[in-house]
Amino acid sequence: MSVSSKLPDNLSELLTHLHARQEKRVNCTMQDRADLWLRHGGEDLDISPPNFHHALATWMANTGLVHKDKVQHVAAALFCLGVTNSNNLFQKVNQGKLVTMGIGKNGRRNAKGKK
């Protein structure tokens, strides 16, 4: 388990944990969201509004949930479905509200937060 969150480190355990939360309609905390994003290369992705869908699809490929050859297709589908970056981890990052959790306004891991 990560020091900064209570999410399991093992991907299969993590997915089981996230499924259980979804079924119970229990939200992840912002700390959990930040930890999850940073674990799979999120800090290297541009999550600005024009690049959000591609960054999310790339992150999904980094986790192994989506095949790397399908990133462009997944990004297009996310865009078409209206998946947005509002009122979630990505909006909070852009507002600078996750600096204390280790993600700067640019979406990169910062030195001020927990590691």
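The values are calculated or read from the model by the stated rules, or taken from the named source; none is laboratory data. For clarity, every value in this text was computed on a predicted model and none was experimentally measured. Here Cβ is always computed from backbone atoms with ideal geometry, including for glycine, and neighbour counts include all displayed protein chains. Surface areas here come from the heavy atoms of the whole protein model, side chains and all, with no ligands, DNA or RNA. Shrake-Rupley method; radii C 1.70, N 1.55, O 1.52, S 1.80 Å.
Structure values in brief
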item: Stretch gain in nm, segment C80-H19, where the contour uses 0.36 nm per residue and the Cα spacing is subtracted; result: 19.5 nm
item: Solvent exposure of the chain as accessible area per residue, Å², 1.4 Å probe; result: 61
item: Cross-link reach list, aspartates and glutamates versus K97, counting only Cα pairs under 19 Å and skipping chain neighbours closer than eight places; result: D32, D35, E43, D44, D46
item: Heavy-atom accessible surface of the chain: percent carbon and sulfur, 1.4 Å; result: 56
item: Potential extension, D69-T100 segment - 0.36 nm per residue separation minus Cα distance; result: 7.7 nm
item: Sequence-distant residues sharing a close amide H with I103 (under 5 Å, placed H); result: N110
item: Rel. contact order, % - alpha carbon contacts under 8 angstrom, at least six apart, the chain; result: 22
item: Packing rank of 28-35, 13-20, 103-110, where each peptide gets the mean count of other beta carbons within 10 Å, highest leading; result: 28-35, 103-110, 13-20
